[in-house]
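Engineer: The structure that follows is given in the form of structure tokens.
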Amino acid sequence: LAENSGLINNIGEWVLRTAITQNKVWQDMGLPSLCVGVNLSIVQFYNPNIVSIIDSILKETKLHPKYLELEITESIAIKETTNTIDTLNRLKGLGVSISIDDFGTGYSSLGRLKALPIDRIKIDMQFIQAIEESEKDKAIAKIIITLAKNLGLKVLAEGVETAPQLAFLNQKMCDDVQGFYFYKPMPAKEVEKLLRNCI
């Protein structure tokens, strides 16, 4: 609805500013430094001002770009346009990292994937949540992890909810995981408490 109404650019900029500002607040409090991931919608990504908007927010907040990861959809990644590569290169030029979110749900060609200036693949949760029962899902997850490693990319599994899922991903050398097995979404104040326990 936000994309169709044109509001997504304003909402997306607010989300970026809020996430980046919060991350800098945590750092200024002396809490462990984190890289925070923020999704970009397809409308935001093709906004001709997106690079300058992100650059401006990073400069205003004084957050080092290495602590921001921009997550794009697979549908953005597979678009065969020079504009896509150019925008990704300009974003990378800011010093941020780029990931493909929900990987495996689109139709990425391997040739396209190797040409993209990205840092991480995030395996869609549909391939993770059934790996305890499904040999096919195990095979797909294993192939994506191997593919990412061979392309020099980091790989993260989404939707991890059980110890056996985590054990399988650890065994296959998945770099990172996210999911309810660890925590559900929480307010910034609760994240702050967790970070204090890490000091």
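Engineer: Of the options Ser75, Leu110, Ile57, report the single residue whose Cα projects farthest towards the positive end of the charge dipole of the chain (beta-carbon charges: Lys, Arg +1; Asp, Glu -1).
Structural biologist: Ile57
Engineer: Report the net charge of residues surrounding Phe180, where surrounding means a beta-carbon distance below 13 angstrom and charges are Lys +1, Arg +1, Asp -1, Glu -1.
Structural biologist: Here the charged neighbours net out to -1.
Engineer: So, one more: Residue by residue through segment 178-186, what is 3J(HN,Hα) from phi via Karplus (6.51 cos²θ - 1.76 cosθ + 1.60, θ = phi - 60°)? Round to whole Hz and write x for glycine and proline.
Structural biologist: Whole-Hz 3J(HN,Hα) from phi for segment 178-186: 9, x, 5, 4, 9, 8, 8, x, 8.
Engineer: Rounded to the nearest 10 Å², what accessible area does Arg196 show when all protein chains are kept and the probe is 1.4 Å?
Structural biologist: About 110 Å², rounded to the nearest 10.
Engineer: In straight Cα distance, which lysines are under 19 Å from Lys62, not counting same-chain residues fewer than 8 positions off?
Structural biologist: Lys62 reaches Lys24, Lys92.
Engineer: Please give the per residue accessible area of the chain, computed with a probe of 1.4 Å over protein heavy atoms only, in Å².
Structural biologist: Here the per-residue accessible area is 54 Å².
Engineer: Same structure again: What's the percent breakdown of Cα-Cα distances in the chain across 10 Å bins, shortest bin first?
Structural biologist: Result returned by the calculation: 8, 32, 36, 22, 2.
Engineer: Here's another thing I want to ask about it. Using a 1.4 angstrom probe on heavy atoms only, work out the carbon and sulfur share of the accessible area of segment 1-112 in %.
Structural biologist: For segment 1-112, the apolar C and S fraction of the accessible surface comes to 56 percent.
Engineer: Let me ask something additional. Mind checking the alpha-carbon convex hull of segment 1-110 and giving the volume per residue in Å³?
Structural biologist: Considering the Cα atoms of segment 1-110, their hull volume per residue is 111 Å³.
Engineer: Using a probe of 1.4 angstrom, how much of the accessible area of segment 115-172 is carbon and sulfur, in percent?
Structural biologist: Its accessible area is 53 percent carbon and sulfur atoms.
Engineer: Distance in nm between label sites at Val191 and Asp176, each 7 Å beyond Cα in the beta-carbon direction?
Structural biologist: Once both label points are built, they end up 1.2 nm from each other.
Engineer: Something else now. For labels at Lys184 and Tyr46 in the simple 7 Å Cα→Cβ model, what's the distance in nm?
Structural biologist: About 3.7 nm separates the two model spin labels.
Engineer: May I ask you to work out the translational diffusion coefficient for segment 32-93 at 20 °C, viscosity 1.002 mPa s, via Stokes-Einstein with Rh from the Kirkwood sum over Cα pairs, reported in whole µm²/s?
Structural biologist: 173
Engineer: Can you tell me which of Leu40, Leu153, Leu110 moves the most in a GNM of the chain? Springs connect C-alpha atoms under 10 Å apart.
Structural biologist: Comparing Leu40, Leu153, Leu110 in the GNM, the peak value goes to Leu110.
Engineer: Something else: Considering only the other residues whose Cβ falls under 13 Å of the Cβ of Thr21, what net charge follows from Lys and Arg at +1 and Asp and Glu at -1?
Structural biologist: +1
Engineer: Determine the distance separating the Cα centre of segment 1-64 from the Cα centre of segment 138-199; give it in Å without decimals.
Structural biologist: For segment 1-64 versus segment 138-199, the Cα centre distance is 23 Å.
Engineer: Please name which of Gln171, Pro48, Ser33 has its Cα lying farthest along the dipole of the chain towards the positive end, using unit charges on Cβ (Lys, Arg +1; Asp, Glu -1) and the Cα centre as origin.
Structural biologist: Of the listed residues, the answer is Ser33.
Engineer: Can you give the net charge of the other residues whose Cβ lies under 12 Å from the Cβ of Gln44, counting K and R as +1 and D and E as -1?
Structural biologist: In short, -3.
Engineer: Full-extension gain between Ile53 and Leu7, please, as 0.36 nm times their residue separation minus the C-alpha to C-alpha distance.
Structural biologist: 15.0 nm
Engineer: I would also like to ask the following. Relative to the Cα centre, what is the charge dipole magnitude of segment 53-112, using +1 at the beta carbon of each Lys and Arg, -1 at the beta carbon of each Asp and Glu, and rounding to the nearest 20 debye?
Structural biologist: So the dipole magnitude of segment 53-112 works out to roughly 280 debye.
Engineer: About the Cα centre of the chain, what is the dipole size in debye to 20, counting +1 per Lys and Arg Cβ and -1 per Asp and Glu Cβ, all else neutral?
Structural biologist: 560
The values are calculated or read from the model by the stated rules, or taken from the named source; none is laboratory data. Quantities reported herein were computed from a predicted structural model and do not represent experimental measurements. Glycine gets a Cβ as well: all are built from the backbone with ideal geometry, and neighbour counts include every protein chain shown. Ligands, DNA and RNA are stripped out before the accessible areas are found, and what is left, the full protein with its side chains, is counted by its heavy atoms. Shrake-Rupley method; radii C 1.70, N 1.55, O 1.52, S 1.80 Å.
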